[in-house]
Amino acid sequence: MLEEAGEVLESVLKASCLPLSFLLFVPAVLLLLGPPPAAEAAHEFTVYRMQQYELGGQPYGTRNAVLNTEARTLEADVLSRRCVMMRLVDFSYEQYQKALRQSAGAVVIILPKAMSALPQDVVRQFMEIEPEMLAMETIVPVYFAVEDEELLSIYEQTRVASTSQGSASAAEVLLHTATANGFQMVTSGAQSKAVSDWLITSLEGRLTGLGGEDLPTIVIVAHYDSFGVAPWLSHGADSNGSGISGLLELARLFSRLYTYKRTHAGYNLLFFASGGGKFNYQGTKRWLEDNLDHTDSSLLQDNVAFVLCLDTLGRGNSLHLHVSKPPKEGTLQHAFLRELEMVVASQFPEVKFSMVHKKINLAEDMLAWEHERFAIRRLPAFTISHLESHRDGLRNSIMDLRSRVDSKTLTRNTRIIAEALTRVIYNLTEKGAPADLQIFT
């Protein structure tokens, strides 16, 4: 049979005027006609879309959601109308811009399964990139996917196919294109629609002080939102899960103290868990409007001693009290500042404490800290955080994971705040209580 086939082939070569290179195409065409392996026919994986929102008339993120295009990696010469796949470990803002400049049809960024195991330099670099990605509005759909074996196999095959496009021989390119596995990326969802009436939910609770009706009120606030380049991947463990944890613990401790007449203090305590914190503290803004502009009976309208906002308390050995205006001596907020300094120095010497003064910049699209919402309404307020700057990328990143929050640090920082608050509320320093007195053990 082989001899007969050889004779047929020899006669074809003699009779044909086609170039020899034509033979290269024959097996490729035959392969294309054959059915693909069942395992490679289709693979479904979950993707998470990049943020899309408007704030103050300014659009952010990606405007499109529909994806139906062929996959490529950055090694390909042509990215136009292709779905560009990138791995986070190799990701850079320059590569992302390259894909957008070449009119890519979509971008899919593959995240490692063990995000907590990423090197710190990769984490820091991506946290710096996230706000840049959101600030640059694009019509290109941008998605994130968590890697698995199938997805990594698709990526590697696509990378090999993309790299081969730079081959010198056009015949080799065509042969490889015909024999390689090509992947069409298709999303199952529909085009996104704007939410016209966004409901913000906030919660408040109060402990009424013992005494007359005109008691001073201390307000303790934390926003519960998380934020990152992709909403469904944003855990917000430190910002601001740690702040909410601190607020709930303070509410628990003081509710026990307020249960007994002997320890029932002469201060109202108002606890507020705000929504919309990552969107310029919209929940706090509405709450203040409701309590100050649309009602005659509110604790905020009476005698507010100060507002304490809790934000990012779960890491590090530093605590910073952020203020828009330094507290004056003789005020309760100044007394709280002094008690914080004393508690840290006498009981937690490993902690570095400082006050950070930053004026409110109303020209910015976003306020720096939540206390600024209260300061605008002339309520004395400050924010306590382990972060020295409001610009730290940790506050708005999908890298803010539970594994990066130290429970012991969060417990210590909450205790520092609780000790200082208790000393202020019960006037313990004036009563001669020693600085190293541990109230909560």
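The values are calculated or read from the model by the stated rules, or taken from the named source; none is laboratory data. In this text, all values refer to a predicted model and were calculated from it rather than measured experimentally. Cβ placement follows ideal geometry from the backbone for every residue including glycine, while neighbour counts extend to all protein chains displayed. Side chains are part of the model used for accessible areas, which takes the heavy atoms of the whole protein and leaves out ligands, DNA and RNA. Shrake-Rupley method; radii C 1.70, N 1.55, O 1.52, S 1.80 Å.
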Nearest-20 debye value, segment 203-431 charge dipole, Cβ charges on Lys, Arg, Asp, Glu: 540
Using 0.36 nm per residue of separation minus the Cα-Cα distance, give me the extension gain between Glu132 and Glu430 in nm, one decimal. 102.2 nm
Go through Ile376, Ile384 and list them by solvent-accessible area, largest first, probe radius 1.4 Å. Ile376, Ile384
Could you tell me the accessible area of Val344 in Å² (1.4 Å probe, neighbours in place), rounded to the nearest ten? 10
Counting only heavy atoms of protein chains, what accessible area per residue, in Å², does the chain have with a probe of 1.4 Å? 52
Which percentage, to the nearest 5, of the DSSP beta bridges contained in segment 203-431 is antiparallel? 30
Just by accessible area at a 1.4 angstrom probe, what is the order of His235, His294 from largest to smallest? His294, His235
With both partners inside the chain, how many of the DSSP beta bridges are antiparallel, as a percent to the nearest 5? 35
For a quick check of understanding: with a 1.4 angstrom probe and all protein chains in place, what accessible area in square angstrom does Trp369 have, to the nearest ten? 10
Specify the residue with the greatest mean-square fluctuation among Val307, Val142, Val356, computed from a Gaussian network of the chain linking alpha-carbon atoms under 10 Å apart. Val356
Suppose only helical runs count, i.e. DSSP H with n ≥ 4. What mean residue ellipticity at 222 nm does that imply for the chain under -39500 (n - 2.57) per run, divided by all residues and rounded to the nearest 500 deg cm²/dmol? -10000 deg cm²/dmol
Given Cβ charges of +1 for Lys and Arg and -1 for Asp and Glu, the option among Leu319, Ala420, Val221 whose Cα lies farthest towards the positive end of the dipole of the chain is Ala420
Can you give the extra length, in nm with one decimal, that the chain gains between Thr263 and Arg206 once fully stretched, where that is 0.36 nm per residue apart less the Cα-Cα distance? 18.9 nm
The long-range amide H neighbours of Gln102, using H built 1.01 Å from N in the peptide plane and a cut-off of under 5 Å, are none
Using θ = phi - 60° and Karplus 6.51 cos²θ - 1.76 cosθ + 1.60, couplings along segment 80-93 (whole Hz; Gly, Pro as x): 4, 6, 10, 8, 8, 9, 9, 9, 4, 5, 10, 6, 8, 5
Which is the longest stretch in the chain that no exposed loop site breaks, taking sites as GluC sites (Glu not before Pro) with a DSSP loop state and at most 15 other Cβ atoms within 10 Å? 214-328
Placing +1 on the Cβ of each Lys and Arg and -1 on the Cβ of each Asp and Glu in the chain, which of Met133, Leu100, Leu337 has its Cα farthest towards the positive end of the resulting dipole? Leu337
Rounded to the nearest 10 Å², the accessible area of Phe91 using a 1.4 Å probe with every protein chain kept is 10
Taking placed amide H atoms and a strict 5 Å upper bound, the residues 5 or more places from Val108 or on another chain that come that close are Val84, Met85, Met86, Tyr143
Once phi is turned into ³J(HN,Hα) by the Karplus curve 6.51 cos²θ - 1.76 cosθ + 1.60 with θ = phi - 60°, what whole-Hz value does each residue of segment 133-148 show in order, with x for glycine and proline? 5, 5, 5, 8, 4, 9, 8, 7, x, 10, 10, 10, 9, 8, 5, 9
Once amide H atoms are built 1.01 Å from N in the peptide plane, which residues 5 or more positions from Ser318, or in another chain, come under 5 Å H to H? Lys352
Apply the Kirkwood formula to segment 203-431: the hydrodynamic radius equals the inverse of the mean of 1/r over all pairs of different alpha-carbon atoms; give it in Å with one decimal. 17.8
Across segment 272-357, how large is the tail of the calculated P(r) beyond 22 Å, expressed as a percent of all Cα pairs? 43
Leaving ligands, DNA and RNA out of it, rank Ser298, Ser403 by accessible area with a 1.4 Å probe, largest first. Ser403, Ser298
So, in nm, how far is label Leu437 from label Thr331 when the simple model puts each one 7 Å beyond its Cα toward the Cβ? 2.6
Segment 47-187: translational diffusion in µm²/s, Stokes-Einstein, Kirkwood Rh over Cα pairs, 4 °C, 1.567 mPa s: 81
